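A.B. asks: Below are the structure tokens for one structure; questions will follow.
Rule-based calculations on the coordinates, nothing more; no lab input. Predicted model, so just to flag it, every value in this text is computed and none were measured. Reconstructed Cβ throughout: ideal geometry from the backbone, glycine too, with neighbour counts over all protein chains shown.
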Amino acid sequence: MRKPVLALIVVIAAAVAAGLFARQKFHAGSTLTARPTGGDFTLQSSRGPVSLHDFRGKVVLLYFGYTYCPDICPTSLGNLSAAWRMLPPDLRDQVQILFVSVDPKRDTPERLQQYADFFNARIIGLTADKATLDDVVRRYGAVYRIVPVKESRVGYLVDHSAFTYVIDRNGRLITQIPHGTPPKEIVRTLMPLLTHKEDTP
Amino acid sequence: MKKTLAALALSAATCLPAAWAADADQVQVIAPYARAVPPTAPASAAFMTLRNRGDHATALIAADSDVAEITELHTHAHENGMMMMRPVARIPVPAKGETQLKPGGYHIMLIRLKHPLKPGDKVHLTLRFADGSTKAVTAPVRPINGMSHMHHGNMHHAH
């Protein structure tokens, strides 16, 4: 009687251990490949260096683009700023939109800020040297590529991903919003991350 | 540039047999607009629908504008979430069909703007088609989506 019970216990224990190991492995794998880590960064604004941790306590919407972009970037920033304006004033203060230019050769922080101001949503324009930008871009799972185009007189074009990265009040990358998402949907994504008046004691 | 255009227009007018309708006459331009951009933006874009009433296919092969130093035909391709803007030599318009120039797709790119484009401004465009015929188009400047307080930016579709 004892022996079979013992054997059964050993078998169950082995199965549980194997299951745990498999789960852990799977989890580690998906963490590495599917989820960008995000994290803190410091970039240059027209008023000096700005870091992500400056906005602790706020939800940050991070977008990578460039001002030579006539279509995709204005559409994205237009939608983000419209979403921001849809929020009640007390919630607006909890949201910061950052527009990071991956084209520092043409976009100085000053030019970038004038561009950002147009959207009337307190957007901060940021850029940096290529090495710094590449690091931030990679950590957030964004991509861009400078493409010399001889058929165009603009000299070069910039291919880029057009997601908006949503960072919560603790600086954690939560999700990404696809290009073309209407302002109302952006608001729906933001709402659960914000502190509402009735929530606070 | 004006001289070139005038010469083009003249050659188009004189060379074409009377019985043949020029592409420019067959193509109807619907709801053209240019996009308002921030004051320091170096570029903008113009959009419209080109409807070809004719029995033969044509293409938009060039455009010129009075607001930009350079006017080019571009398109967008999306690959794995990557937005790629590329110049194109022609934007085809099928016989008895239409082609939309719209955000995220074909557009007339206005590069090195001579002055910022504000809502209410007008952009004068000259479109040149495959047979060399040209068409003058006036495109009003419209606000970027969500930048209009009226909640009807340029999201409206011609069709």
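A.B. asks: Determine the shielding of peptide B:68-77 by partner chains: average, over its residues, the number of Cβ atoms on other chains within 10 angstrom of each Cβ.
C.D. replies: Values: counts 0, 1, 3, 1, 5, 1, 7, 0, 2, 1.
Counting Cβ atoms of other protein chains within 10 Å of each residue's Cβ and averaging gives 2.
A.B. asks: Summing Lys, Arg as +1 and Asp, Glu as -1, what charge do residues with Cβ under 12 Å from the Cβ of A:SER161 carry, A:SER161 excluded?
C.D. replies: On the way: positive: A:ARG138, A:ARG145; negative: A:ASP159, B:GLU79.
Around A:SER161, the surrounding residues sum to 0.
A.B. asks: Work out the FRET efficiency for A:ARG122 and A:ARG35 from their Cβ-Cβ distance, taking R0 = 51 Å, and round it to the nearest 0.05. Before the final figure, lay out the partial values.
C.D. replies: Values: r = 29 Å, r/R0 = 0.57.
That gives a FRET efficiency of 0.95.
A.B. asks: Past 26 Å, Cα to Cα, is the threshold; run A:LYS58/A:LYS105; B:LYS114/B:LYS135; A:LYS105/B:LYS135; A:LYS150/B:LYS118 against it and keep the listed order.
C.D. replies: Working: A:LYS58/A:LYS105 30 Å; B:LYS114/B:LYS135 22 Å; A:LYS105/B:LYS135 37 Å; A:LYS150/B:LYS118 30 Å.
Checking Cα-Cα distances, A:LYS58/A:LYS105; A:LYS105/B:LYS135; A:LYS150/B:LYS118 exceed 26 Å.
A.B. asks: Sequence-distant or interchain residues sharing an amide H contact under 5 Å with B:ALA62, placed H: which?
C.D. replies: B:ARG128
A.B. asks: Can you return the aspartates and glutamates within cross-link range of A:LYS130? Criterion is Cα-Cα under 12 Å, with same-chain partners fewer than 8 residues away left out.
C.D. replies: A:ASP103
A.B. asks: What do you get for trypsin sites (Lys or Arg not before Pro) in the range A:101-138 restricted to DSSP loop and a cutoff of at most 14 other Cβ within 10 Å of the site's Cβ? Before the final figure, lay out each step's value.
C.D. replies: Values: sites: A:LYS105, A:ARG106, A:ARG111, A:ARG122, A:LYS130, A:ARG138; in loops: A:LYS105, A:ARG106, A:ARG122.
Listed in order of number, the matching sites are A:LYS105, A:ARG122.
A.B. asks: Once both labels are modelled 7 Å past Cα along the beta-carbon direction, what's the B:ASP66-B:HIS115 spacing in nm?
C.D. replies: My value for the distance between the label points is 1.1 nm.
A.B. asks: Another question about this same structure. Counting other C-beta atoms within 10 Å, and keeping those with at most 11, which DSSP coil chymotrypsin sites (Phe, Trp or Tyr not before Pro) do you find in the range A:126-173? Can you show the working numbers first?
C.D. replies: Details: sites: A:TYR140, A:TYR144, A:TYR156, A:PHE163, A:TYR165; in loops: A:TYR140, A:PHE163.
The qualifying sites: there are none.
A.B. asks: Here's something else I'd like to know. May I ask you to evaluate 6.51 cos²θ - 1.76 cosθ + 1.60, the Karplus curve with θ = phi - 60°, for each residue of the range B:47-55 and list the ³J(HN,Hα) values in order in whole Hz, giving x for glycine and proline?
C.D. replies: 10, 4, 10, 9, 10, 9, 8, x, 8
A.B. asks: Which residues does the label zone of A:LYS150 cover in the range B:84-98, counting backbone N under 20 Å from a point 7 Å along Cα→Cβ?
C.D. replies: Under cut-off, by backbone N: B:85-90.
A.B. asks: Right, another one. Looking at the range A:59-201 only, what percent of DSSP beta bridges run antiparallel? Nearest 5 please. Provide the component values of the computation, followed by the final result.
C.D. replies: Numbers: 13 of 23 bridges.
Given both bridge residues lie in the range A:59-201, the antiparallel proportion sits at roughly 55 percent.
A.B. asks: Taking the Cα centre of the range A:143-201 as origin, work out the dipole magnitude from +1 charges on Lys and Arg Cβ and -1 charges on Asp and Glu Cβ, in debye rounded to 20. Walk me through the numbers before you get to the answer.
C.D. replies: Details: 8 positive and 6 negative charges, 35 e Å.
Here the size comes out at about 160 debye.
A.B. asks: For B:THR138 and B:GLU79 in the same chain, what is the full-extension length gain: residue separation times 0.36 nm, less their Cα-Cα distance, in nm? Provide the component values of the computation, followed by the final result.
C.D. replies: Numbers: separation 59, 0.36 × 59 = 21.24 nm, distance 3.33 nm.
Computed gain between B:THR138 and B:GLU79 is 17.9 nm.
A.B. asks: If you filter the range A:105-201 for GluC sites (Glu not before Pro), then keep DSSP loop positions with at most 14 other Cβ within 10 Å, what is left? Walk me through the numbers on the way to the answer.
C.D. replies: On the way: sites: A:GLU110, A:GLU151, A:GLU185, A:GLU198; in loops: A:GLU151.
Passing both the DSSP loop test and the Cβ count: A:GLU151.
A.B. asks: Between A:ASP93 and A:ILE174, what's the calculated FRET efficiency when r is the beta-carbon distance and R0 is 25 Å? Round to 0.05.
C.D. replies: Values: r = 19 Å, r/R0 = 0.76.
It comes to 0.85.
A.B. asks: Between A:THR132 and A:MET191, what is the label-to-label distance in nm when each label sits 7 Å out along the Cα-to-Cβ direction?
C.D. replies: 3.8 nm
A.B. asks: Give the relative contact order (percent, whole number) for the range B:30-133; include only Cα pairs under 8 Å separated by 6+ residues. Display every interim value, and only then the final one.
C.D. replies: Working: 243 pairs, mean separation 41.1, N = 104.
Computed value for the range B:30-133: 39 percent relative contact order.
A.B. asks: In peptide A:150-162, what is the residue-averaged number of other protein chain Cβ atoms found within 10 Å of each Cβ? Don't skip to the end; give the middle numbers.
C.D. replies: Numbers: counts 1, 6, 9, 7, 10, 0, 0, 6, 3, 7, 5, 5, 5.
Per-residue shielding by partner chains comes out at 5.
A.B. asks: Would you tell me the mean number of C-beta atoms belonging to other protein chains that fall within 10 Å of each C-beta in A:57-65, as a whole number? Kindly include the intermediate steps, with their values, before the conclusion.
C.D. replies: Working: counts 0, 0, 0, 0, 0, 0, 0, 0, 1.
Mean shielding by partner chains, rounded to a whole number: 0.
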